[in-house]
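Notes follow once the structure below has been shown.
A short reminder: the numbers here are calculations on the coordinates, not readings from a lab. Because the structure is a prediction, the values reported are computed rather than measured. With ideal geometry, Cβ positions are generated from the backbone for all residues, glycine too; neighbour counts draw on all protein chains shown.
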Amino acid sequence: MSTVVDLRDDAEQVSRAAADYFIRAAREAVLRSGRFRVALAGGSTPRRMYQLLAEPERASQVDWSKVDFFWGDERTVGPDHADSNYRMARDAFLAPLGITSAQIIRMAAEKADLAAAAREYQVQIARMFGVPADGPPPAFDLILAGMGKDGHTLSLFPHTQALEEGERWVVENEVPQQQTRRMTFSARLTNRALRVLFVVAGPDKQPALAQVLEGVSNPSEYPSQLISARETTWLVDRAAAGALKRTRPVVRRPVLLAPSILAADFLKLGEEIRAVDAAGADRIHIDVMDGHFVPNISFGAVVCQAARRATTRPLECHLMISEPDRYLDAFAEAGADSILVHVEGANNLHRTLQRIRSLGKGVGVVLNPATPAGAIREVLELVDLVLVMTVNPGFGGQSFVPATLSKIRQIRAWIDEYHPACELEVDGGIDPRTAPLAVEAGANILVAGSAIFGAQDGIPAAINRLNGVSRV
């Protein structure tokens, strides 16, 4: 479980960040499983986010035919009523995008028997996810949530019966303080989600937000405290966050690009390195392969030496080789600014990292996709950079492995807690589609090869494209 507070300047910036978060979550889900299942929120705060998602620039970034839309709560009004959560999302978002009726699973909360309607919605959810309606709840890819000035979320209001629900996924709820009834997801269903995104803006939310995030546990009084999904993100503006004392908002690091020359044209390697340098690359990534640790042979220290003559940008040498200790001196002498070694390839990782440090070079440690994050925990404080491979190393042009995103998030959490100066890099399958996913998970350096050197419209355009989609 992780909770992140992302602070933005004002409500407009919160809405824009929420729209971009939605897009990244959709892309990741489609990449992982082929569909994106999201529960939308009602109220006034999400409306601007929906409008932004419907604009051409953002709408073009999602395959909307692969998205299924649900609602986290609904008022007891018809679908065309001005107070309907469904109607708000339909008018601002779904209708402009041409979403088909088969993709829209709305709550029929206008029915006289609200308890029966809640049971029917639970059955609909189960059918869409392909799970039994009387078993554990399924995991939505994303549930959008707001927070009222009384600390409620969805239609889980203070001191109401729905707060006590421990079995049902969807429940009816009597809300006497609003003189109304609602249908709502229960905390049980909400907490099964892969992600919950709270969108909170405005000074009237300030007291409740401080209590929810920093007060004693009192979910009966502040129901938003009940929500703790696998990843819970609070997107808040400065007006809402003004009373927070202990919460440390996430620090959005600059995102750096490290073109991998493995994908360059070797016939004109110096020319290609100078081209990415001029186009704004932040460093040059040199993939060294020995045909033993990985099933390919690339190049050695001589190429690093040649690259050094072609650029003043930092050179990072990624040693995908067995017995890396034998070659550390050679790469240091060839002009490497940092040397990266694999957890899986070093016989004594601690000693290898110390040796790199003694040579006066930046120290990096690398994990393959199948290697758990915990493999670097004991050496994290010794390194300047952790590189997570998002493909199996050995060849360029492979497809991004979406399962590595959870590893990136875990390592980012450790870095933020134990070694904030450390950088987090990703390598493999990075392109304009996958770069935002890696950045959102916590990476701040992107290694890209084919997406830069293989671009039909040239290196400068490719680098501008990656910069545009990753530096949100």
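Extension gain for Glu174 to Glu378 (0.36 nm times residue separation, less C-alpha to C-alpha distance): 68.3 nm. Bridgeable lysines around Lys245 (alpha carbons under 21 Å apart, same-chain partners fewer than 8 residues away excluded): Lys149, Lys205. Spin-label pair Met128-Gln161: with each label point 7 Å from Cα along the Cα-Cβ axis, the two points sit 2.6 nm from one another. To the nearest 10 degrees, how steeply does helix 459-470 sit against the main Cα axis of the chain, on a 0 to 90 scale? Taking the Cα atoms of the chain, the angle to 459-470 is about 40 degrees.
Straight-line reach from Lys111: taking Cα to Cα under 16 Å and skipping same-chain neighbours fewer than 8 places apart, the aspartates and glutamates in range are Asp73, Glu74, Asp80, Asp83, Glu120, Glu172, Glu174. Note on Asn296/Ala102: beta-carbon distance plugged into 1/(1 + (r/R0)^6) with R0 of 45 Å gives a FRET efficiency of 0.50.
Note on Ser65 and Gln13: the model spin-label points, each 7 Å out from Cα along the C-beta direction, lie 3.9 nm apart. For the pair the stretch 192-220 / the stretch 85-108, the C-alpha centres are spaced 27 Å from each other. Here is the P(r) of the stretch 256-470: all C-alpha pair distances, binned every 5 Å from 0, give 1, 8, 17, 21, 22, 17, 10, 3, 0, 0 in whole percents. Paramagnetic label reach from Thr3 (point 7 Å along Cα→Cβ; backbone nitrogen cut-off under 17 Å): within the stretch 395-415, residues 413. Taking amide H positions as modeled 1.01 Å from N, with prolines and chain starts lacking one, the residues under 5 Å from Leu256 and 5 or more places away or on another chain are Ile445, Leu446. Multiply the residue gap between Ser228 and Ala95 by 0.36 nm, knock off their C-alpha separation, and tell me the result in nm, one decimal place. So the chain would gain 44.7 nm between Ser228 and Ala95.
Can you give the FRET efficiency for Glu333 and Arg274, using 1/(1 + (r/R0)^6), R0 = 25 Å, r = Cβ-Cβ distance, to the nearest 0.05? FRET efficiency, Glu333 to Arg274: 0.65.
For Ser322, neighbours were defined as the other residues whose beta-carbon sits under 13 Å from its Cβ, and their charges (Lys and Arg +1, Asp and Glu -1) total -3. A straight chain from Asp113 to Asp150 at 0.36 nm per residue would run longer than the Cα-Cα distance by 10.6 nm. Once the Cα atoms are used to define both axes, helix 349-358 deviates from the longest principal axis of the chain by about 60 degrees. Axis of helix 45-54 versus longest Cα principal axis of the chain: the two differ by about 60°, to the nearest ten degrees. Report the longest stretch of the chain that contains none of the trypsin sites (Lys or Arg not before Pro) sitting in a DSSP loop with at most 13 other Cβ atoms within 10 Å. By the stated rule (loop sites, at most 13 other Cβ atoms within 10 Å), 1-244.
Inter-part distance, the stretch 410-425 to the stretch 122-191, computed on C-alpha centroids, equals 34 Å.
Note on Glu120 and Ser399: the model spin-label points, each 7 Å out from Cα along the C-beta direction, lie 3.9 nm apart.
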